[in-house]
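**Q** Below is a structure I'd like to ask you about.
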Amino acid sequence: MKICLLGNNLTNFVLANILLKKKISIDIISQTSHPVFKNTVRTIAISNKNFNFLKKNIKGMKNLGWPTEKIKIFSEKSKSAELFEFKNKNQNNFYLLKYSEIYELLKKNKLLNLITLKNYNYDSIKKKNYNLIINSEINNQITKKFFQKKIEKNYGSFAHTAIINHKKIINNIAIQIFTNNGPLAFLPLSNNQTSIVFSNKSSRLIDKKKLLMTINRYNNKYKISKISEVESFNIKFSVLRNYVYKNILSFGDLIHKVHPLAGQGFNMTIRDIKSLSDILDENINLGIDDGEIIAKKFQEKNKHLNFIYGLGIDSINTFFKFDSQLNYNLSGPIFKILKGNKLLNNYATFLSN
């Protein structure tokens, strides 16, 4: 079987490493040879179950990732006493990894075949006779022609991310604070480094001086010695209406983008990768290599789940945004009732996996 992955991105590097284990011929085709995540300070949180999947399928993954035991939720009104705490019994809640470190690991696979092809289109890819074409590149001609219909919500705000260096501490608890200006997350990266994600309600960009001022306003844990440059990106909720055109399957950020407050963006993609991997196994065992059949099976199995899940994350953001206008008088009583609720904690774990 011959599969083409369109886009020089982290999704395709993970997917390629997993599919190559199945003895499938894989090409990664991109308009540029320079991945956007090579020197980024961005990090990704991967749930315990999804991290185990990656460790099982990608050599060297076990050497990456910083474990976090629990997540504590605070609000502007309740900075000292958490509203809620998420933790998994006898296992870590999630692992935090640097984009750049994952890229450096994944690119070591000698079986990877990277092809740079500027301004490619459907006809030029079709001539290569791939069974299945998986497209996760947002700005190519194929996306512009066949995959533009979306359900989309622009939050009119930016997420700002940076890494702080600090005095060495036991650093295994993530903190999410719903401030009046938007969610602020402290995500442990090591005992002396922590990743910061601030989803500011404003549409203005901020520099590291202003971000550090925001951090210091809510930080009572870290003695900060240094902050990296700040990277910012527009926040959108987006789901593609149709994943498939003939034997082309849209994938990754092209089919779903969610608010970063829940840290679930790449977890959704890993779940998609697991699902596609299973579908490929089933079809290969049956001797089926028809890419259109495989693409349609993936859409049938995952499209509605991705939409519901993305809508759920959007609802969480909407709730806390509304709650901030009420001085957090809504979330306080609700979480007081739910605090310690094992069912809610188990459900949150189920969703993240």
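Read-outs throughout are calculated quantities, based only on the coordinates presented, and are distinct from any laboratory measurement. What you are looking at is a predicted structure, and each value in this text was computed from that prediction instead of being measured. Cβ sites come from the backbone with ideal geometry, for glycine too, and all protein chains shown count toward neighbours.
**Q** Only loop residues by DSSP count here, and only those with at most 15 other Cβ atoms within 10 Å; note down the trypsin sites (Lys or Arg not before Pro) in the range 199-281 that meet that.
**A** Qualifying residues, ordered by number: ARG204, LYS221, LYS223, ARG241, LYS246.
**Q** Also: So how tilted is helix 208-218 from the main axis of the chain? Cα-based, degrees 0 to 90, rounded to 10.
**A** Result, in degrees: 50.
**Q** Same structure, new question: Calculated from the structure, Cα extents along the principal axes in Å equals which of [x] 60, 42, 37; [y] 62, 45, 39; [z] 56, 49, 41?
**A** Computed from these coordinates, Cα extents along the principal axes in Å corresponds to label [x].
**Q** OK, next. Round to the nearest 10 and give me the degree value, 0 to 90, for the angle of helix 265-285's Cα axis relative to the longest principal axis of the chain.
**A** Tilt relative to the chain: about 30 degrees.
**Q** Taking θ = phi - 60°, what integer Hz values does the Karplus form 6.51 cos²θ - 1.76 cosθ + 1.60 yield along the range 165-179, in sequence order, with x for Gly and Pro?
**A** Rounded to whole hertz, the list is 9, 8, 4, 4, 9, 6, 10, 9, 10, 7, 10, 10, 10, 8, 7.
**Q** Sorting MET61, MET1, MET213 on the 10 Å Cβ count, fewest up front, what's the list? Write out the running numbers ahead of the final one.
**A** Details: MET61 22, MET1 18, MET213 10.
Placing the least packed residue first, the sequence is MET213, MET1, MET61.
**Q** Moving on. Could you list which residues have their amide H under 5 Å from that of PHE84, counting only those 5 or more apart in sequence or on another chain, with H placed in the peptide plane?
**A** Residues meeting the amide H criterion: ILE73.
**Q** While we're on this one: Going by C-beta contacts inside 10 Å, put SER157, SER47, SER80, SER25 in order with the fewest on the left. Show your work: numbers first, answer last.
**A** Numbers: SER157 18, SER47 24, SER80 6, SER25 14.
Least to most surrounded, the residues fall as SER80, SER25, SER157, SER47.
**Q** Provide the percentage of antiparallel DSSP beta bridges, counting only those with both residues in the chain; round to the nearest 5. Provide the component values of the computation, followed by the final result.
**A** Working: 47 of 68 bridges.
Among the beta bridges of the chain, antiparallel pairing accounts for roughly 70 percent.
**Q** Oh, and also: Given 0.36 nm per residue, what is the gain on full extension from ILE316 to ASP290 after removing their alpha carbon distance, in nm? Intermediate values should be presented prior to the final figure.
**A** Values: separation 26, 0.36 × 26 = 9.36 nm, distance 3.94 nm.
Difference between extended and current length: 5.4 nm.
**Q** Report the local net charge at TYR218: Lys and Arg +1, Asp and Glu -1, summed over other residues whose C-beta lies under 12 Å from its C-beta. Mind showing how you got there, number by number?
**A** Numbers: positive: LYS79, ARG217, LYS221; negative: GLU76.
In short, +2.
**Q** Kindly flag which residue pairs out of LYS149/LYS297; LYS274/LYS296; LYS98/LYS297; LYS2/LYS274; LYS98/LYS274; LYS98/LYS126 have an alpha-carbon separation exceeding 26 Å in this structure. Please report the intermediate quantities before stating the final value.
**A** Numbers: LYS149/LYS297 20 Å; LYS274/LYS296 16 Å; LYS98/LYS297 32 Å; LYS2/LYS274 19 Å; LYS98/LYS274 21 Å; LYS98/LYS126 35 Å.
Too far apart for the 26 Å limit: LYS98/LYS297; LYS98/LYS126.
**Q** Follow-up question, since we're still on this one. If you average the C-alpha positions of the range 180-205 and of the range 229-271 separately, how far apart do those two centres end up, in angstrom?
**A** Centre-to-centre (Cα) distance: 20 Å.
**Q** When only DSSP loop residues count, what trypsin sites (Lys or Arg not before Pro) in the range 100-154 have their Cβ near at most 16 other Cβ atoms within 10 Å? Mind showing how you got there, number by number?
**A** Working: sites: LYS107, LYS108, LYS110, LYS118, LYS126, LYS127, LYS128, LYS144, LYS145, LYS149, LYS150, LYS153; in loops: LYS107, LYS108, LYS110, LYS118, LYS127, LYS128, LYS149.
Within the range 100-154, the qualifying trypsin sites (Lys or Arg not before Pro) (loop, at most 16 other Cβ atoms within 10 Å) are LYS107, LYS108, LYS110, LYS118, LYS127, LYS128, LYS149.
**Q** How far is helix 291-325 tilted off the main Cα axis of the chain, in degrees rounded to 10, range 0 to 90?
**A** Between the helix axis and the principal axis of the chain, the angle is about 20 degrees.
**Q** Now a separate question. For the chain, what is the relative contact order in percent, using Cα pairs closer than 8 Å and at least 6 residues apart in sequence?
**A** Values: 655 pairs, mean separation 72.2, N = 353.
Across the chain, relative contact order equals 20 percent.
**Q** Find out how many positive minus negative residues lie around ASN93, taking Lys and Arg as positive, Asp and Glu as negative, among other residues whose Cβ is under 9 Å from that of ASN93.
**A** On the way: positive: LYS70, LYS87; negative: GLU69.
Value of the local net charge: +1.
**Q** Right, next: If you plug each phi of the range 113-126 into the Karplus form 6.51 cos²θ - 1.76 cosθ + 1.60 with θ = phi - 60°, what whole-Hz ³J(HN,Hα) values come out, in order, with x for Gly and Pro?
**A** Along the range 113-126, the couplings run 10, 9, 10, 9, 9, 5, 6, 5, 9, 4, 5, 5, 6, 4 Hz.
**Q** For LYS49, list the aspartates and glutamates whose Cα falls under 15 Å from its own Cα; do not include residues on the same chain fewer than 8 positions away.
**A** GLU69, ASP272
**Q** For the chain, with a Gaussian network of springs between Cα atoms less than 10 Å apart, report the residue from LEU54, LEU111, LEU286 with the top mean-square fluctuation.
**A** LEU286
**Q** On to the next question. Mind checking which of HIS160, HIS34, HIS256 has the largest fluctuation in a GNM of the chain, springs on alpha carbons under 10 Å?
**A** Sorting by GNM fluctuation, first place goes to HIS34.
**Q** In what order do ILE170, ILE29 fall by count of nearby beta-carbon atoms within 10 Å, going from fewest to most? Write out the running numbers ahead of the final one.
**A** Numbers: ILE170 7, ILE29 24.
Going from least to most buried by this count: ILE170, ILE29.
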